[in-house]
Structures are given as structure tokens and as C-alpha cells.
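Any read-out appearing in this document is the output of simple, stated calculations on the displayed coordinates, not a laboratory observation. Just so it is clear, the model here is predicted, and its values are computed rather than measured. With ideal geometry, Cβ positions are generated from the backbone for all residues, glycine too; neighbour counts draw on all protein chains shown.
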């Protein structure tokens with residue numbers, strides 16, 4: 001038995017090392033190429049010049065602000081909607097919970113399908129537009145608000161909400177399943193209101209899950225490509241689309257710009273995770289001090 005377990009751990013370690021090596025290699029190559037080295041062709045962009053160009057380029061700055069804004073809104077709305085639905089599902093009896101398992105369907109669908117659904121429902125020629133015309137709310141499709149390909153990123157946000165809400169529900173339901181319901185009954189018998197029970201008994205157990213889920217959704221939304229490429233406006237564009245256009249639609253000697261943008265995105269993500277956990281740790285220490 002010991003030998004069997006040791007052999008399984010060795011296999012997992014081999015896969016993990018291979019995975020990490022590929023990531024580290026890709027990261028190192030990205031940084032090197034951002035300095036104009038190890039490129040398929042010679043480039044006039046060398047040293048820190050790519051970073052200087054990006055950080056002084058209004059297009060890139062606007063793309064960065066737009067990306068953070070879309071990622072933030074997608075995360076907040078997904079967390080709010082997902083948290084409410086997770087709590088509601090958890091409160092149902094076992095038979096009803098089995099029926100509500102349909103919430104997992106968006107999890108297995110590719111992001112390109114989510115983008116198609118948003119186009120089908122929210123575009124000017126989509127379902128909501130047609131219903132509005134038939135109900136006399138608008139006169140023509142041109143009167144319907146621009147939700148898809150919006151400069152505010154509305155279509156992108158809607159697609160991410162559709163994909164990420166089930167993710168939030170799945171994580172939180174797993175956490176709810178570990179909560180001892182006898183504690184809730186005891187609190188209720190002692191006269192605690194539902195809001196007090198949620199804040200004092202349930203929420204403390206949920207906070208670690210909420211923190212992890214928020215970071216995953218925010219960083220994934222910030223760095224994902226498919227949905228912004230399919231539903232985003234031509235300007236401003238999210239950072240992944242900006243990088244794609246430079247990498248594939250520009251001359252090879254412009255590649256340091258794409259690699260520098262990738263490096264900046266990685267640095268921002270790392271700093272964001274660090275600061276987020278430092279803030280959470282500070283809040284926890286402050287609460288303990290009280």
C-alpha cells in the first residue's frame with residue numbers, strides 16, 4: 001500500500017513539474033522577448049523601450065482601464081447574483097436541490113456559446129429587441145440600446161455573468177454543505193434573526209470561499225480573450241485583444257510590445273493578489289483586536 005501511494009505521488013509530481021516548467025519557460029521567454037531579445041526577426045524595440053511605449057500610449061492606457069472596469073463589474077455582479085442563488089438553493093429541500101442542478105449547464109458550455117447566447121438575446125436584432133418591437137415599446141431595432149459591441153462592455157459583462165454565476169454557486173454550495181445546521185437551529189431558538197444568523201454563523205465560513213472565487217473570476221475575466229474578441233467594441237478593446245492584434249496582426253518586429261503587455265498583465269495580477277490578501281489579513285486582524 002505504501003509503495004502504491006508513493007508511486008501515485010511520483011506520477012502526480014512528474015505531471016506538476018512538467019506543467020510548472022512549461023509555465024516558467026513561457027514566462028521567461030515572454031519577459032526576454034519584451035526586451036527585444038530572442039525574436040524571430042530583428043527589432044528596433046530593445047531594452048525597456050516597449051514598456052515606455054505602452055505606458056505612454058493612450059490606446060493601451062484606455063484598454064487597461066476598460067479591462068479592469070469590465071473585470072470588476074463582471075466579478076461584482078457574478079458574486080452578488082451567485083451568492084443570492086446559492087443561499088436560496090441551499091435553503092431548499094433535497095429533492096428540489098436535485099431539480100435545480102440545471103444551474104450547472106453554463107459551466108460545461110464553451111465561452112463562445114455564451115457569447116452566441118448574448119448576441120442572440122441582447123443584440124439589436126436579438127430576442128429582446130424583437131419582443132420590445134412587438135410590444136410597442138420601441139419603433140425599430142435602431143431604437144434598441146446598444147448592449148452588444150458596446151463601448152461600456154455591456155455584452156462582455158453579460159456573457160461573463162452567465163458563465164461565472166454557476167461557478168460562484170458551485171463553490172458556495174460546497175461550502176454550505178459543511179455548515180452544521182444544528183448551529184442555525186440553536187441560534188434561531190435563542191432568538192437570532194435570519195440576518196443575524198447569516199452574518200454571525202454562515203458568513204464567517206463563506207468568506208474564504210468568497211475571497212478565492214472573487215480573485216479567480218476577476219483575474220480570469222481580465223485575461224480572457226474569446227468573449228472580448230467576439231462581443232467587444234473596436235475601441236476601447238480589452239488587453240487580451242490588444243495583445244492579440246499586436247502579436248498576430250502586426251509585423252514581427254512589433255512583438256516586444258505584445259510581450260511587454262503580457263508581462264505587465266502578469267505583474268498587475270501578481271500585485272493584485274498580494275494586495276488583496278494583505279487587505280483581507282489586515283481586516284481580520286482588526287476584527288480580532290476588537
Which distance in nm do the two modelled labels at residue 92 and residue 247 give, with both placed 7 Å along the Cα-to-Cβ direction? 4.1 nm
Ratio of alpha-carbon Rg to the 2.2 N^0.38 Å globular estimate for the stretch 154-290, to two decimals, please. 1.46
Virtual paramagnetic centre 7 Å along Cα→Cβ of residue 178, amide N under 18 Å, in the stretch 216-239: 216
Give me the extension gain from residue 185 to residue 17: residue separation times 0.36 nm, minus the current Cα-Cα distance, reported in nm with one decimal. 55.7 nm
Consider just the alpha-carbon atoms of the stretch 25-138 and return their Rg together with their Dmax, both in angstrom. 23.1, 66
Considering every Cα-Cα pair within the stretch 85-244, what fraction, in whole percent, is farther apart than 29 Å? 38 percent
Centre separation in Å (Cα based) which lies between the stretch 116-152 and the stretch 200-236: 26 Å
Quickly work out the residue 281-to-residue 44 label distance, labels modelled 7 Å from Cα along the C-beta direction, and quote it in nm with one decimal. 4.7 nm
With the Cα gyration tensor of the chain in hand, give its eigenvalues times 5 under a square root as the equivalent ellipsoid semi-axes, listed largest first in whole angstrom. 38, 31, 20
Assuming 0.36 nm per residue, please report the length gained on full extension of the stretch residue 146 to residue 274 beyond their Cα-Cα distance. 42.4 nm
